[in-house]
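Reviewing the structure listed below.
The values are calculated or read from the model by the stated rules, or taken from the named source; none is laboratory data. Just so it is clear, the model here is predicted, and its values are computed rather than measured. When we count neighbours, we look across all protein chains shown, and the Cβ atoms used for this are built from the backbone with ideal geometry, even at glycine. These accessible areas exclude ligands, DNA and RNA; they are computed on the full protein's heavy atoms, side chains included. Shrake-Rupley method; radii C 1.70, N 1.55, O 1.52, S 1.80 Å.
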Amino acid sequence: MTPDPKTSASVLELQELAIQITAQDFRPGLMSLDVLKMSGVIPADWELSQNPIQGQNAAQLSFTNGLNLVAQPQRLMFLEQMGGGGMIEGPAIAQAYLEKFPHADYQGLTIAPKVLLGFPEHSEAPRQFMTQKLLAPGSWQQMGNDPLRAAVTLHYTLKRCPLSINISEVQLNQPPHGIISALLFTGNFNYTIPSEMSESKAVFLSKRVSLWQTDTTQFREVVYKKFLNSSLTPSTTPNGSAPSKTNASIFPDLT
């Protein structure tokens, strides 16, 4: 059986929060450091940790405080790691963007918390969780030369919005452990704009951004209490120190 996170000291937890705003008329070229500072979206004293990435189909600004802004056609994402003890900046910056640019053709908002659980000393734990707990055993699992690797996506209808949760087995390069097996839980709280409403699209989305703590708390409760049957969440690395923020996504599907 999969080791229980509440009793296994070897479980490594990493977290990330992504806020994605979609707009029909948004282009990556619209995002620049000068525009964001002059408009007041980001403070004037914020510094970049690396040179900006600017292209026709993608742009990225990475700040020394750990916040990453990633622009792609029709969407703008605010990405940052959680759990390192620092302040979460993304939600406030997303709201500032909506306030300063209220006339874009906004389409919706996704609040996407992620939890990655690595097992440095239990390499088979993620596969056992996927194939023995989430999936029913059967001969269909025995095929090919390598053990089955699985990913599951579940869809829920909440009162405030739809929620999807993807669970997958991944490989994580985490010094000093090297390549370790891990479980990746990805949540997507999807807020769409009603066809008729009395307020602007930007105001509507800003109010939904303010629900990020409610969404991330509910997501973590689902992960730990419903999927892992654990009342205690691991929040530090195996040696007892919280992982520090970096300026690149910690998750394999965003590197």
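Couple of notes before you dig in:
- Restricting attention to the stretch 73-84 and to residues that are in contact with a strand residue (DSSP E or B) (Cβ under 8 Å, 6 or more places away or on another chain) and open to solvent by 50 Å² or more (accessible area, probe 1.4 Å), the residue that is nearest to V209 (Cα to Cα) turns out to be R75.
- For the stretch 1-43, the candidate set comprises residues that are at pLDDT below 90 and polar (S, T, N, Q); within that set, the residue that is surrounded by the most Cβ atoms within 10 Å (Cβ to Cβ) is T2.
- Search result, residues across the stretch 90-140 that are open to solvent by 60 Å² or more (accessible area, probe 1.4 Å) and among the basic types (K, R): K100, K133
- Close pairs from the stretch 12-23: first over 14 Å from N188 (Cα atoms), partner open to solvent by 10 Å² or more (accessible area, probe 1.4 Å) and of a type in the set (S, T, Y), Cβ under 7 Å, at least 6 apart: L12/T237; E13/S235
- Residue count for the stretch 170-208, restricted to those that are under 18 Å from Q20 (Cβ atoms) and either of a type in the set (F, W, Y) or in a strand (DSSP E or B) (or both): 10
- Any hit, the stretch 131-149, residues being modelled with pLDDT under 95, farther than 21 Å from Q20 by Cα and in contact with a strand residue (DSSP E or B) (Cβ under 7 Å, 6 or more places away or on another chain): yes
- Filter result for M87 (modelled with pLDDT of 85 or more and open to solvent by 70 Å² or more (accessible area, probe 1.4 Å)): yes
- Criterion violated by S198 - all others in (1) modelled with pLDDT under 90; (2) out of contact with any strand residue (DSSP E or B) (no Cβ under 6 Å at 6 or more places or on another chain); (3) over 27 Å from Y97 (Cβ atoms) satisfied: (3)
- Matching residues in the stretch 48-63 - criterion: being open to solvent by 60 Å² or more (accessible area, probe 1.4 Å) and either in contact with a Phe, Trp or Tyr (Cβ under 7 Å, 6 or more places away or on another chain) or of a type in the set (V, I, T) (or both): I53
Here's the yes/no breakdown for (1) without any contact (Cβ under 8 Å) to a residue 12 or more places away in the chain; (2) open to solvent by less than 20 Å² (accessible area, probe 1.4 Å); (3) more than 21 Å from the chain's Cα centre (by Cα):
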| residue | (1), (2), (3) |
| --- | --- |
| R149 | no, no, yes |
| S164 | no, yes, no |
| S168 | no, yes, no |
| N190 | no, no, no |
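- Residues satisfying the stated conditions in the stretch 153-195, i.e. closer than 30 Å to P102 by Cβ and of a type in the set (D, E, K, R): K159, R160
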